[in-house]
Structures are given as structure tokens and as C-alpha cells.
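First the structure, in the form of C-alpha cells, and then the observations on it.
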Amino acid sequence: MKMRSVSRPLTLALALLAATPALANKAFVSNERGNTITVVDTDTWEVITEFPGGNRPRGITISPDGTKLYVCASDDNLVRVFDTETYKEIGTLPSGPDPELFVISSDGKHLYIANEDDNLVTVTDTEQGVVLAEVPVGVEPEGMGISPDEKWVVNTSETTNMAHFIDTSDYKIKHNVLVDQRPRYAQYTADGKRLFVSSEIGGTVSVMDIAPDGAPTLVTKIEFEVPGVLPEWLQPVGVKVTQDGNRIFVALGPANRVAVIDGESLEVLDYIIVGQRVWQLAFTPDEKYLLTTNGNSNDITVIDVKAEKAIKSVQVGQQPWGVVVTPN
Amino acid sequence: MRYVLMPLLAAVLAVLGASGALALDLRAAVLRVDYETLLPISRYDLRAEDLGFAGAMLADEDNGTTGRFLGHTYETIHKATAPEGADAALDEILGQGISLIVVLARDADLLRLADRAAEAGALVLNASAPGVALRDEECRGNLLHIAPSNAMMADAVAQFAVWKQWKRWFLVSGSNPADIELAEAYRKAARKFGAKITDEKTFEDTGGARRTDSGHVLVQRQLPVFTQGAEGHDLLIAADASDYFARYLGYHHWSPRPVMGSAGLWPTTFHAAHEAWGATQFQTRFEALTGRYVKPEDYNVWLALRVVGEAVTRASTDDAMALRDYALSDDFELAAFKGQKVTFRNWNGQLRQPILLYDGMITVSVSPQDGFLHRVSPLDTLGLDRPESACSAFN
């Protein structure tokens, strides 16, 4: 540890010497089984520390200013808030029972939380620490996506098999779209014109066009095929889209691969082999790297986004679930 | 709640198009035939009053939550009857115009009830009967099997045993017809997966109470003697469908060999400690609703009605035969907390599904095991396969 505290400022100094100074960011990984959060330096890919994250930490996100880390402590039935510098818990937020995944508004004021046990989406005010609304959705809500204009929050319900479009002005559901079995994740493109919903058991990603008024139209479903891998194990979970919309990355669970999809043609271009049971994904802010959580190999894989290659794996805690990277 | 949601229907329809246009009020029934049986060996296995029906209550809630967004409602009535009243109970259900019926009954009763239901154009979903013949030469076009067969269960155990390289089995079976049928499934499973039955013995059912005060004293004297002298084996397989001796075998078997089959490590569709693949959410919903742990019969009934609900959601009809056709089509798939989609074998109406291997406390493993392959689906390595089936009702 002593070595590390010396070498870190040095790394920083070296980075500052480079032509385009890149400040090191930190990736926070929630370890569902270990009940911990692992902190990884996204410059050196060294583990900085691991700290207690509450009981069964899953969904994980960060405030827009990068100072606060929010963790869905599912078995504690609340959201724990940590300081991203000191790693000390600075408070908790009411979340409703069994929070699993959430999204945060760009001003950091609202958390939209899926409550798996209660068929609800809970809207929590992060400043006042109060629940603003509870929206009844389908059975086993999980995936949460937010439109770039923040007028819509999309929730996916795993047993109802729908994407529910919640209007953030009145917290009412305005649209429902049936998708394939067990939808896990919803992701808008940066221009808000497309939405992707992954169906873990259905084995597909539903693609929706989004009209200017927010209304969705299901246009197609992306399917996957890998020689030598049983189709049953191609289970899409995490989805991320590059800012320019050119590439879509889909984590394929027990297939141990991340699919690379062309944003224009929606064709699968490649499958990148990563760790075992890959679920969630996060870009570094410069979009140079994509991180994957691999629950059965207890590591994260670092993918070079431009090269579309896995370049490194970093051991984290037990059964990593979610990942988020500090903003610049 | 409803008056808030009604205006939303227009928006729902806009998105879902014609498929969501029909308001449907689904009515189904669960018919449970209660047989006179002795109490189980373990108090943990006492039958709950609402066995099976509890699964229907949860299914109505789950289907109803989804239905809310589509204008579909679900109501399931529950009927328990003695065997001699089963036909009349079915007639009463059919008389109410209900044509979707989940049945918990033994093989012979199920078959008779299914034929009676067929005359009224009703669909029967089998939630308990394990007989292989029901999926073979005795199959019926209006009978879908949610419960796995004896063959699927035995194959699930056999695959795990073979994966462990425990290929020499000592088969101990009961003397009742159901036990004999189960034992035959294990013999077939051994042949199918390359295990060998090195010895066999029958444990006679002499009747009498199964639980007595300090009954373990006698068991500890009798069972080692009964199992003494068996040919060399890696494993004792118990075939005790009647639950009168298998549970005693564990630590009273003469040889220090594990027990599988009807005790020790046994195959099941579901148990209350199963948490993988999101099952925790099922468990907490079930327990909040019923105040007890789930049993396989509850899960099977829930799954039967989820099959109905999923078919209604996707096919937008309440016609029993149209729902059957959709369930048997390539479009049908359902998530059932077992890690992969469950679908039907459209040639005999059996639901394909993984089988959990359970030790009474946790999921030890799930079959099919790695490496057991099939040209259609690894799930078809469990149970009767198409080329060996004499079922023609689905042609």
C-alpha cells in the first residue's frame, strides 16, 4: 500500500506531461456476493481499494459532479450514498423494497429506481431524501433508461415483458411495448431517436424508433449467433451505445462475450470474448474504454472501444454486478 | 386504480396495434383431486390446504399486472375433490363455461378428465401426473404437461451422476405401482446415459404409520441390514414415489455411498430456496401472498397459468384451442426462473424445462448437465425423445 501511495502522484505527474493531459478516472464496481465496492484506476487499471457496499450491492451510479456514489443495496432495501474520494458512507436514500437498477437525472436531483419485489418504479429526491412518486409498472421491474431530454424514463419488467414509458412531468405511463422474455436493460441513443431493450431469456435486443413526441415504434429485433455456443446461453443484458451512435455493445451473459453491433445497419459485426457471465457495461468518459462486469470470473474486462478488442482483465470482488466510471 | 389506467389504454393500443385491441376477461380453473394417503415421513412435507391453489393466486396477480396494460383480466377458480367426485367437479367447471383447466390428479384420473374435457372443447394442463405413458401412446391433443415426467426426472439425476463419474448404481425401489414405474424410468436412464445398475432390491410397503415416536431406533437397526451385501456401487438410487422409505436411506445405507432419486439429492421443478435467475422475486411474492413456502405443485400451477397468460398476451385471444396452438407454436417462449426459456415439445405437449437437483436445503445442480447435447435443444436430452414417442395426437 505504501508503494502505491507514492506511485500515484507520480503517475499523475507523468500524465500531466503528456500532450493531451488525461486525468485518471475511477471505476466503481459493485460486488453482489462480496457486499463490497471495488475502486479501479482507469489509467493504470490497478485496484485502488475495496470498501463495504451494504447488503447485496447491484445497481450503481454516480452524481453528475462525480462526488457521490449511489448504490442499490438490494437486501437493505435502500440506496447507500458514498463519498467518491473518502469512500465513507455519507447517507442513505429511501428506495422502496429491493432496489435493483436506477438512473439519475442530469442535474443529479432525481433517482428513478426499479423495485423488483413491488412492481413499482420509485422516484427519489436525492437532496431532500424523500420519495416523490411511486409508479406501478409490470411484474419484476428491472431495466431503467432515461431519454436524453429527460422527458421519459423507460422501465422494463422482467415477467410482464414490457418496456413502460413513464412521462417524467406527471409520472404516468404513456406507452407500453411488448418485448421478448425477461427484459433486463433499456438504453437510448444520445440523440434520443432510438431505444434498445435487451431480453435475457428471449435472446434478443428490441430496437425502437422514438418519435419527436417520445412515442416508440418497434422496428426490429437483433438476434445473436456464435458458432460453438448454445443459443440458450446467448443472453443479452447490458447495452451501451457510443455517443455518435455508430456502435452498440451488448453483454451476452453466460456466452462470455460482448457483441459489437453497427448502429446503422444493426448487423452484429463481432463478438469480443470477455470474462464469465458478463452483465453490465460502462464507458470511460472519453469513450476510449468499455468496462464489463463478469460475475462468474470475479473480474472486469477492459475493452478498447476503437480497436474493438479486450485488452485487460482486472480482478475485483466477489460476483461483480454493476460498474460506473467517474465523469471528467 | 382502474379509472386512472383506462385513459392510458388508448396510448397502449396505439403502440401495440391490433394485437392489443381486444379487452379479454380470462377465466380458468384449478381442479385438485385429493387422495387418501398416509402422512408423509417428514413433517416438512405435510400438505398445505391451499396446495396448488396458492400458485394460481400468484399467477392471477402476475397475469393481472400485465393484463392491466392490455385490458386483460384473469380469474381462476379453485376446486378440491375426492377421487369419486372428480368427474362431477369437472362438469361443474365446464358448466360455468370455463375451458382452461389446470389439473392436479394421478395419471388414470387425469386421462379420464382430459377426455371428458375434450368433449367440451376444453384444454387441460397437467400440473402433477408424472407417468411417461401420458406423454407417449396415451397422449391427448387437449392435454399439455407442465409437470415433468418420471423420465425427465430420472434423466436429470442420471446426467448428474454420470457427470460425477458415479456410474454404478444400486437401485432400491418401492413395491407400489407408482414406485415400480419410477424404478423403470431409472433403469431406462441408466441405459440412456451409460450407467450400470449393479444391484437391485425392492423395499416392500407393508403399510402402517410412517412417523412414530422414536421410530428412528428401529430404522437404524433395519435399514443397514436391508442394504447390506449389495454388489459394488457408487450410488444408491431410490425409487419411492409413495414416500415411505427413501428418506430413511441417507445415513442408514450399509455402504458409505450417497443416495439420489427419491431422497438425498432429488429432482424437482422448484423449491423454496431456489434463488438463481431472479427466482428470489418469485419466492418473496409467493410468500407475501400465501404466508408459506412454495411447493412444486404450486409452482407447476403458477407456470401452467403463466403459459396461458403469456399466450393471451401475445395472441390476444381467450379461445382455449387458439391458446393451445400458440403455446405449441415456434413463437411461444416463457421465462420461468430456470435460466433459459421454456417451450413445448409440439409432438407430445410436454413443456421442456431444466430440472433442479435439490438436497432439501439448496439447489445443488441443474440438469441438463454440460456436455449432454441434442440436435433440437439440450432440454430434449431429458425425458422421452421424439423418435421414441408413440404419441400421434399432435400430428
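The values are calculated or read from the model by the stated rules, or taken from the named source; none is laboratory data. Note that the structure is a prediction, hence the values are computed from the model and not measured. For neighbour counting, all protein chains shown are included, and Cβ atoms are generated from backbone atoms with ideal geometry for every residue, glycine included. For the accessible areas, the whole protein counts, side chains as well, though only heavy atoms, and no ligand, DNA or RNA atoms are used. Shrake-Rupley method; radii C 1.70, N 1.55, O 1.52, S 1.80 Å.
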statement: Being assigned to a loop (DSSP other than H, G, I, E, B) and either surrounded by fewer than 21 Cβ atoms within 10 Å (Cβ to Cβ) or in contact (Cβ under 8 Å) with a residue 12 or more places away in the chain (or both) narrows B:Ala288, B:Ala273 down to just B:Ala273
- prompt: Regarding B:Trp302, is this residue assigned to a loop (DSSP other than H, G, I, E, B) and aromatic (Phe, Trp, Tyr)?
  reply: no
task: Among the residues of region A:171-185, write down those that are within 16 Å of A:Glu223 (Cα to Cα) and either within 7 Å of chain B (Cβ to nearest Cβ) or of a type outside the set (D, E, K, R) (or both).
output: A:Val179, A:Gln181, A:Arg182, A:Pro183, A:Tyr185
message: If I go through region B:338-365 residue by residue, how many of them are open to solvent by 10 Å² or more (accessible area, probe 1.4 Å) and within 12 Å of chain A (Cβ to nearest Cβ)?
response: 4
- prompt: Can you find even one residue in region A:180-201 that is surrounded by fewer than 22 Cβ atoms within 10 Å (Cβ to Cβ), closer than 27 Å to B:Val307 by Cβ and out of contact with any Gly (no Cβ under 7 Å at 6 or more places or on another chain)?
  reply: no
Selected residue [not aromatic (Phe, Trp, Tyr) and not in a helix (DSSP H, G or I)] from B:Thr317, B:Thr313: B:Thr317
Single residue of A:Asp180, A:Asp213, A:Asp170 found to be in a loop (DSSP other than H, G, I, E, B), farther than 30 Å from A:Lys288 by Cα and touching a strand residue (DSSP E or B) at 6+ places or on another chain (Cβ under 6 Å): A:Asp180
- prompt: Any idea which of A:Met162, A:Met208 is within 9 Å of another protein chain (Cβ to nearest Cβ) and open to solvent by less than 10 Å² (accessible area, probe 1.4 Å)?
  reply: A:Met162
task: Test B:Ala311 against the stated conditions and say whether it is within 30 Å of B:Gly141 (Cβ to Cβ), crowded, with 23+ Cβ neighbours inside 10 Å, within 14 Å of chain A (Cβ to nearest Cβ) and under 15 Å from the mean Cα position of the chain (by Cα).
output: no
- request: State whether the residues of region B:197-220 include one that is open to solvent by less than 40 Å² (accessible area, probe 1.4 Å), farther than 30 Å from B:Pro387 by Cα and part of a helix (DSSP H, G or I).
  value: yes
statement: If we keep only residues of region A:127-159 that are within 21 Å of the chain's Cα centre (by Cα) and open to solvent by 20 Å² or more (accessible area, probe 1.4 Å), then the residue nearest to the other protein chains (Cβ to nearest Cβ) is A:Trp152
message: Looking only at region B:320-337, filter to residues that are within 14 Å of chain A (Cβ to nearest Cβ) and part of a loop (DSSP other than H, G, I, E, B); which one of those is surrounded by the fewest Cβ atoms within 10 Å (Cβ to Cβ)?
response: B:Asp330
